[in-house]
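Data block below; observations after.
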Amino acid sequence: MLRSLVGSEMCIRDSRYCISIEKKGLRFPGRRHHVWLEPEGIDSNVIYPAGLSTAMSAEVQQDVIRSIPGLENAQIVQPGYAVEYEYCDPRELLGSLESKRLGGLYMAGQINGTTGYEEAAIQGLVAGANAGLSCLGKPALPLDRANSMAGVMVDDLVTTGVTEPYRMFTSRAEYRLSLRADNADLRLAQMATDFCLKDTTATFEKARLVDKGMGMLEGCLRSPTEWRKTGVKVKLDGHLRSAAKLLSSREVGLADIVEAAEPELDPILSFPPQVQDQVETICRYRQYLDRQDQQVEQFRVDEALKLPADLP
């Protein structure tokens, strides 16, 4: 019966991350599917049944709602619905999101086969900025897989296309250890400045403090015996260790190291919390970040390889 109600809708490729209740029933028969009743507001008596996304007829939806214990007398304010939309093959676009066939036409959002607010927003920023830069006779934003999540998404779209609504995930990025949310401002500040996209004064001040903090930690060198005397657990092998090196261990935090090395590192505690977190993160994953930097260098070499236009 459920299959007959869904009908031709099963042929439509919807987002696998917002699957409808009818498709849950068809794909996972015999399993229980949770529905969360979420109040729409503190002063509203409207309840949103999360997990019950559907586009079946209003009559069927009413029957489904009233089959839920406690909702036998519930009334539907707005029936669920689906929006089917066409999209342009994003492989028809350049990395700037400009159409290959029609110069000057920039495309962003669902028309490129993506789904999600954030995906549409960043495409709008990229396409809009590049359209403006083109009018000024300037090159497009140099976003790529190594410097931004936006670059990863755009590269995925324009090189491999889509077979279902595209969503961006951290796992899609090869260099995700470097492309973190906490360092996005630092990574892209110079680009934002070069292309007049944002006032980056505060970001460059943050970068200055991060560099200063890293310099202080790397310059604080002591023997294992000296560190042991301050309560820091370290192997007694006779090798000098910097405070930055010690932070690669999860057994100690930034505050512990600053206290052990006082008063040499005390100024770090006066830095903003975001700066302290950034410094600690860099120290914690330094060896992995260095390894990834080498991978990025090789990526840059490969990306710079020019193929002849007449390649068969």
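The values are calculated or read from the model by the stated rules, or taken from the named source; none is laboratory data. Small disclaimer: the values here were computed from a predicted structure and weren't measured. All Cβ positions, glycine included, derive from the backbone under ideal geometry; neighbour counts span all protein chains shown. Calculation scope for accessible area: heavy atoms of the full protein, side chains included, ligands and nucleic acids excluded. Shrake-Rupley method; radii C 1.70, N 1.55, O 1.52, S 1.80 Å.
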At most 13 other Cβ atoms within 10 Å and a DSSP loop assignment: could you name the GluC sites (Glu not before Pro) in the stretch 81-176 that fit?
E84, E86
Per residue, how much accessible surface does the chain expose to a 1.4 Å probe? Answer in Å², no decimals.
63 Å²
Taking R0 as 22 Å and r as the Cβ-Cβ distance between E164 and R31, the FRET efficiency 1/(1 + (r/R0)^6), rounded to the nearest 0.05, comes to 0.50
What is the Cα convex hull volume of the stretch 23-98 when expressed per residue in Å³?
184 Å³
Length gained when the stretch Q274-D63 is fully extended (0.36 nm per residue, less Cα-Cα span):
70.8 nm
Measure off, as a whole percent, the carbon and sulfur share of the 1.4 Å-probe accessible area of the stretch 178-283, all protein chains present.
54 percent
Sticking to Cα atoms, compute the Rg of the chain to one decimal and its Dmax as the biggest Cα-Cα distance, whole number, in Å.
26.7, 78
What does the charge count near L93 come to, summing +1 for each Lys or Arg and -1 for each Asp or Glu among other residues with Cβ under 13 Å from its Cβ?
-2
Can you give the FRET efficiency to the nearest 0.05 for Q75 and Y288, using r as the Cβ-Cβ distance and R₀ = 45 Å?
0.20
With springs only between Cα atoms under 10 Å, which of D156, D63, D277 fluctuates most in a Gaussian network model of the chain?
D63
Within the stretch 77-123, DSSP-loop trypsin sites (Lys or Arg not before Pro) with at most 15 other C-beta atoms within 10 Å are K100, R101
Neighbour-limited loop hits for GluC sites (Glu not before Pro), the stretch 229-281 (at most 16 other Cβ within 10 Å; DSSP other than H, G, I, E, B)
E251, E264
Nearest 500 deg cm²/dmol is fine: what mean residue ellipticity at 222 nm does the chain get from its DSSP H runs of n ≥ 4 alone, each adding -39,500 (n - 2.57), divided by its residue count?
-12500 deg cm²/dmol
